[in-house]
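Asks: Let me give you the structure first, and then I'll get to my questions.
The values are calculated or read from the model by the stated rules, or taken from the named source; none is laboratory data. As the structure is a computational prediction, the values presented were derived from the model and not from experiment. In this analysis, Cβ positions are derived from the backbone assuming ideal geometry, glycine residues included, and neighbour counts consider all displayed protein chains.
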């Protein structure tokens, strides 16, 4: 676990104590000196993931080798706005103004304390919410991995992903895609399509993905032969699994 360095009264650096994520928030909230100390420490989270499920928003943060889980909950009581309550040493709840996007509020605070400039992953499993409702803010759009496991997924959502998530390296769909968007994930470096029944061999031949996993694709033997020949010609392409 990293040490938290602070400036002593003599102007020298001294070790205050081992730092954990919740302590980082506590120090920053205590006073300006505490926040300055945190910034000087230069902490970085090794993994940041947003998870949206039915009636649940969670932020997962790997910090100093430990996985922290923070439930993000909207409240009406102003006295509870922007409060991080530590429940165990690695679990907590962040309460925010229910009229705001709490994940945006929490991540803005987190990025103000750490040196991270982007998040790593978003997992969206809530069928009642459009991805534009939960992840349409600047920090969310820096994600490099995106998993969509909500049914149905709409064309509007897919267009939003294509236009706004400009740094995506991996796109995973665990649900069927609209007919004219079936090949959509194949334009990204890594594509994972769990229900690829609607994929056509032409779409696979022309894909830009260098790593792809597809399940339940309906391809004839002749199509598979065409696909294999195409991959042999494209030495830069690597297909990991087509089932």
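Asks: Could you say whether any residue in region 194-217 is closer than 30 Å to residue 105 by Cβ and part of a loop (DSSP other than H, G, I, E, B)? Let's see the steps before the verdict.
Replies: Within region 194-217, the first condition is being closer than 30 Å to residue 105 by Cβ, and the residues that meet it are none.
The answer is no, given that none of the residues of region 194-217 is closer than 30 Å to residue 105 by Cβ and part of a loop (DSSP other than H, G, I, E, B).
Asks: Out of 88, 93, 69, report the one residue that is in the same structural domain as residue 149 (by TED's automatic domain parsing), exposed (fewer than 13 other Cβ atoms within 10 Å of the Cβ), free of Cβ contacts under 8 Å to residues at least 40 places away in the same chain and over 28 Å from residue 155 (Cα atoms). Don't jump to the end; show me each part of the working.
Replies: Working: 93 fails: exposed (fewer than 13 other Cβ atoms within 10 Å of the Cβ); 69 fails: exposed (fewer than 13 other Cβ atoms within 10 Å of the Cβ).
Only one candidate qualifies: 88.
Asks: Sticking with this structure for a sec: Which one of the conditions (1) within 18 Å of residue 219 (Cα to Cα); (2) surrounded by fewer than 20 Cβ atoms within 10 Å (Cβ to Cβ) does residue 193 fail to meet, given that it meets all the rest?
Replies: So the condition that residue 193 fails would be (2).
Asks: Looking at 46, 56 in this structure, which one is closer than 17 Å to residue 126 by Cα and surrounded by fewer than 16 Cβ atoms within 10 Å (Cβ to Cβ)?
Replies: Details: 46 fails: closer than 17 Å to residue 126 by Cα.
It is 56.
Asks: Name the residues in region 161-180 that are surrounded by 18 or more Cβ atoms within 10 Å (Cβ to Cβ) and outside any loop (DSSP other than H, G, I, E, B), would you?
Replies: Listed by number, the residues that qualify are 161, 170, 171, 172, 173.
Conditions tested, residue by residue: (1) in contact with a strand residue (DSSP E or B) (Cβ under 9 Å, 6 or more places away or on another chain); (2) under 30 Å from residue 151 (Cα atoms).
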position: 29; (1), (2): yes, no
position: 51; (1), (2): yes, yes
position: 54; (1), (2): no, yes
position: 58; (1), (2): yes, yes
position: 70; (1), (2): yes, yes
position: 79; (1), (2): no, no
position: 87; (1), (2): yes, no
position: 112; (1), (2): no, no
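Asks: Same structure again: Could you tell me how many of the residues in region 106-119 are under 23 Å from residue 54 (Cβ atoms) and either surrounded by fewer than 18 Cβ atoms within 10 Å (Cβ to Cβ) or in contact with a helix residue (DSSP H, G or I) (Cβ under 7 Å, 6 or more places away or on another chain) (or both)?
Replies: At the first step, the residues of region 106-119 found to be under 23 Å from residue 54 (Cβ atoms) are 106-107, 119.
Restricting the remaining residues to those that are either surrounded by fewer than 18 Cβ atoms within 10 Å (Cβ to Cβ) or in contact with a helix residue (DSSP H, G or I) (Cβ under 7 Å, 6 or more places away or on another chain) (or both) gives 119.
Total meeting the criteria: 1.
Asks: Here is a further query. Please give the number of the condition residue 199 fails out of (1) surrounded by 19 or more Cβ atoms within 10 Å (Cβ to Cβ); (2) at pLDDT 90 or above; (3) more than 18 Å from the chain's Cα centre (by Cα).
Replies: (2)
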